[in-house]
Amino acid sequence: MTLLEALILGIVQGLTEFLPVSSSGHLELGKVLLGIEATSDVTFTVVVHGATVLSTIVVFRRDIVDLVKGAFQFRWNPSTDYIAKLALSAIPVVIIGLFFKEPIESLFNNNVLLVGSMLIITGSLLAFTYYSPKDGGEVSSAKALVIGVAQAIAVMPGISRSGATIAVGLLLGVDKKKIARFSFLMVLVPIIGANAKDILDGGMANSTVAALPLIVGFVAAFTAGVLACKWMITIVTRGKLIHFAVYCYIVVTGAIICHFAL
């Protein structure tokens with residue numbers, strides 16, 4: 001992997017992890033366009049995912065500190081209630097990760113047509129948010145579980161995690177700011193868990209990616225992630241998700257053209 005490829009893929013990961021256009025789908029498309037062959041080496045993926053986790057922690061550092069403080073009061077309070085809902089939302093994706101990891105990973109083989117098909121689902125979910133209730137409420141336990149199911153489905157390349165969780169939350173009647181916050185915080189446990197599993201399974205052993213491209217990819221993903229996370233909060237609050245639906249449909253068209261042209 002060259003430095004330019006690492007820079008481009010790092011920026012793509014950082015932006016699309018938070019923007020509702022599918023980071024996994026764009027990475028697959030990016031690899032195809034850059035001519036990068038799919039390999040079993042997960043080192044670069046682990047590194048850029050770690051960068052986006054760090055960017056989430058930086059943006060929501062005050063929220064995370066408040067949740068930790070509340071948890072250490074060792075009694076049921078708003079913080080422990082929120083943490084419980086985050087844990088509940090993680091159950092579906094944990095089940096997918098434990099029992100369906102290999103079949104899901106087999107889909108990440110530069111399958112442009114699959115990515116395009118899944119982006120249609122992402123675009124449609126975003127478009128449907130136009131009909132979501134105007135006055136939203138809290139994230140209940142039941143809604144947290146449904147949003148968690150949306151996150152689990154979003155392991156498919158081309159279905160945006162943030163797009164699916166935010167769109168489903170809005171359609172369930174959750175307040176715009178509250179679903180944006182919940183969506184970005186709920187991703188911490190699955191990504192950290194997936195990265196830890198890849199490391200423990202030896203997925204990073206004998207990596208073929210040099211240190212410098214990994215550093216470039218990490219810095220690019222972190223910087224882009226911080227900017228995209230803050231931008232996305234503003235976008236959700238203003239209800240401008242329909243623009244990303246249009247973008248997804250444009251990318252779908254491009255993906256189909258690439259599939260038959262390459």
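Sort out which residues of region 231-241 are assigned to a helix (DSSP H, G or I) and out of contact with any helix residue (DSSP H, G or I) (no Cβ under 6 Å at 6 or more places or on another chain), and write them in order of number. Trp231, Thr234, Ile235, Arg238 - these are the residues of region 231-241 that are assigned to a helix (DSSP H, G or I) and out of contact with any helix residue (DSSP H, G or I) (no Cβ under 6 Å at 6 or more places or on another chain).
Can you name the residue in region 1-23 that is in a helix (DSSP H, G or I) and touching a Lys or Arg at 6+ places or on another chain (Cβ under 8 Å) and, of all such residues, is modelled with the highest pLDDT? This residue is Leu9. Of all the listed residues (Pro190, Pro157, Pro213, Pro133), the sole one being surrounded by fewer than 19 Cβ atoms within 10 Å (Cβ to Cβ) and touching a residue at least 40 places away in the same chain (Cβ under 8 Å) is Pro133. Residues in region 122-148 that are over 13 Å from Gly173 (Cβ atoms) and touching an Asp or Glu at 6+ places or on another chain (Cβ under 8 Å): there are none.
Taking the criterion of being over 18 Å from the mean Cα position of the chain (by Cα) and among the hydroxyl-bearing types (Ser, Thr, Tyr), the residues of region 227-255 that qualify are Thr237, Tyr249, Thr253. Might you check whether a residue that is in contact with a Cys (Cβ under 8 Å, 6 or more places away or on another chain) and more than 22 Å from Val53 (Cβ to Cβ) occurs anywhere in region 164-171? No, region 164-171 contains no residue that is in contact with a Cys (Cβ under 8 Å, 6 or more places away or on another chain) and more than 22 Å from Val53 (Cβ to Cβ).
The values are calculated or read from the model by the stated rules, or taken from the named source; none is laboratory data. A quick note: this is a predicted structure, and the numbers were derived from the prediction, not measured. Cβ atoms come from the backbone with ideal geometry, glycine included; neighbour counts cover every protein chain shown.
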